[in-house]
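Heads up: the structure comes next, in structure tokens.
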Amino acid sequence: MGSVSLKIGDGTTRFKRASLCSSAVNILMLFSVITTNLFALFAFTYSPEQHLNQYPRKSISLISEQVSLILKEVDSSQRKPAQMEKELLGYDSLDLSRPNLARELKLFLEHNQLPLGKDSRTGITEMVASVGHSCGKSADLLSQYMSYKVSGPCSDDWSLGQKLILRGCEPLPRRRCFAKNIPKVGLSPFPVSLWKPVGNKSVTWSGLGCKTFECLKGKKLSRDCVGCFDLVSGYEAQKYVKARGKNDFLIDDVLAMGNGGIRIGFDIGGGSGTFAARMAERNVTVVTNTLNIDAPFSEFIAARGLFPLFLSLDHRFPFYDNVFDLVHASGGLDMGGKPERLEFLMFDIDRILRAGGLFWLDNFYCANDEKKWFLTRLIEKFGYKKLKWVVGEKIDSGKSEAYLSVVLQKPVRV
Ligand SMILES: *[C@@H]1O[C@H](CO)[C@@H](O)[C@H](O)[C@H]1NC(C)=O
Ligand SMILES: *[C@@H]1O[C@H](CO)[C@@H](O)[C@H](O)[C@H]1NC(C)=O
């Protein structure tokens with residue numbers, strides 16, 4: 001996910017500034033051109049009587065020709081940077097008239113006029129399917145994704161879909177084919193399912209390096225998922241109930257800070273769903289946000305009887321404002337790129353968290369002092385109450401690394 005870059009924020013402001021400036025210059029240009037031409041016109045028309053019949057008409061049309069030429073020039077000079085900006089951002093490039101675009105894609109994206117005209121309640125006149133604006137940048141991949149036989153089986157191409165998502169094509173278009181079917185045999189009833197190993201055959205392995213859970217066991221899939229599919233012998237089964245160091249907070253301690261008001265939560269970059277599992281044991285419902293990077297995270301979480309949300313971190317969270325009692329995030333929060341990227345994300349987390357709700361930043365890796373300073377300052381900006389704040393060091397392959405673990409309480413803002 002680190003490779004996904006988000007340039008919109010900066011790009012748009014630059015674009016605005018540039019266009020503001022250029023339109024001011026354009027207006028000035030236009031004004032001077034028109035006044036000069038008006039003077040010329042005046043000079044021509046204010047000639048002795050005998051000229052009046054021959055020249056003025058010609059000169060007026062000449063002048064208006066000139067003005068329209070200049071207007072055209074002004075218009076195109078204004079359009080050029082806008083066009084360039086659009087191409088850079090990828091907004092303007094999903095051209096449905098392009099040849100070789102899958103028919104299903106055109107059909108899905110077609111605007112549908114409301115039969116009775118404007119709807120008075122919502123104010124809309126047509127219905128438009130939603131698809132990520134960057135889809136146009138990957139039109140060929142998208143077209144491949146949308147090439148199938150209607151009502152037939154889809155290709156086994158979930159990884160193509162994920163590839164598109166990672167390129168900013170999110171949400172993906174809907175399709176009219178049947179996704180590959182996996183017989184989910186041997187699912188256990190809840191809550192036994194929370195800790196029961198999931199069968200190799202219950203998940204799709206296509207497009208992944210590993211083909212069994214055995215193979216995933218020894219792998220470090222991310223900073224937060226080292227052997228996280230091993231629910232029996234590894235640290236995974238002790239996570240959140242047994243601390244390895246002062247950076248590991250225990251779930252019961254954090255829940256106690258919520259004074260019994262923690263009922264629903266959201267886990268960002270939640271690995272194999274162990275946070276949600278531990279919360280489920282305490283009757284707290286947690287949605288786990290994950291993609292399937294190098295492992296079948298979503299299906300594994302679902303097999304545990306938990307709620308996986310297949311969404312990249314660049315997508316606005318599909319939840320209403322002020323709904324969650326708790327948001328938990330760990331290393332997955334480190335998105336890379338410009339600092340503003342993390343800031344957008346933090347504002348979205350703040351939005352979905354209710355006043356009095358808890359934000360638990362769990363073992364966030366601070367690559368350098370600058371990162372730590374930026375994050376600390378960002379947190380200060382939100383005015384949260386610091387219930388717990390620990391900066392610890394861990395040794396990883398001989399190197400000392402700084403980690404930040406905090407529990408914050410969202411204030412009531414008036
Ligand atoms: C998955 O397959 C491996 C290798 O075939 C086997 O050793 C392991 O027991 C299987 N695991 C599950 C959970 O079925
Ligand atoms: C969870 O809810 C069940 C059913 O209401 C209850 O029996 C159980 O004690 C609760 N567990 C906890 C940890 O609160």
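Structural remarks
- Count of residues meeting criterion [under 22 Å from V232 (Cα atoms) and either within 16 Å of ligand 2 (Cβ to nearest atom) or of a type in the set (A, V, I, L, M) (or both)] in the range 171-192: 6
- Count of residues meeting criterion [modelled with pLDDT of 95 or more and more than 26 Å from the chain's Cα centre (by Cα)] in the range 179-195: 7
- The residue pairs whose first member lies in the range 313-325 and is at positive phi, whose second member is charged (D, E, K, R), and whose beta carbons are closer than 6 Å, counting only pairs six or more residues apart or on different chains, are N322/R354.
- Inter-residue pairs, beta-carbon under 7 Å, first at pLDDT 95 or above and aliphatic (A, V, I, L, M) and in the range 272-286, second in a helix (DSSP H, G or I) and within 16 Å of ligand 1 (Cβ to nearest atom), 6+ apart: A277/L194; A280/L194
- Of the residues making up the range 252-280, those that are part of a helix (DSSP H, G or I) and either within 11 Å of ligand 2 (Cβ to nearest atom) or in contact with a Leu (Cβ under 9 Å, 6 or more places away or on another chain) (or both) are D252, V254, L255, M257, T274, A276, A277, R278, M279, A280.
- Of L208, L172, L141, all but one fail to be within 16 Å of ligand 1 (Cβ to nearest atom), aliphatic (A, V, I, L, M) and modelled with pLDDT of 90 or more; the exception is L208.
- Among residues of the range 158-212 being part of a loop (DSSP other than H, G, I, E, B) and polar (S, T, N, Q), the one that is surrounded by the most Cβ atoms within 10 Å (Cβ to Cβ) is T204.
- Once the range 281-312 is narrowed to residues that are aliphatic (A, V, I, L, M) and assigned to a loop (DSSP other than H, G, I, E, B), the residue that is nearest to ligand 1 (Cβ to nearest atom) is A295.
- Which listed residue, of L96, L194, L109, L187, is under 20 Å from N292 (Cα atoms), in contact (Cβ under 8 Å) with a residue 12 or more places away in the chain and not aromatic (F, W, Y): L194
The values are calculated or read from the model by the stated rules, or taken from the named source; none is laboratory data. Predicted model, so just to flag it, every value in this text is computed and none were measured. Note that we place each Cβ from the backbone using ideal geometry, even for glycine, and neighbour counts take in every protein chain shown.
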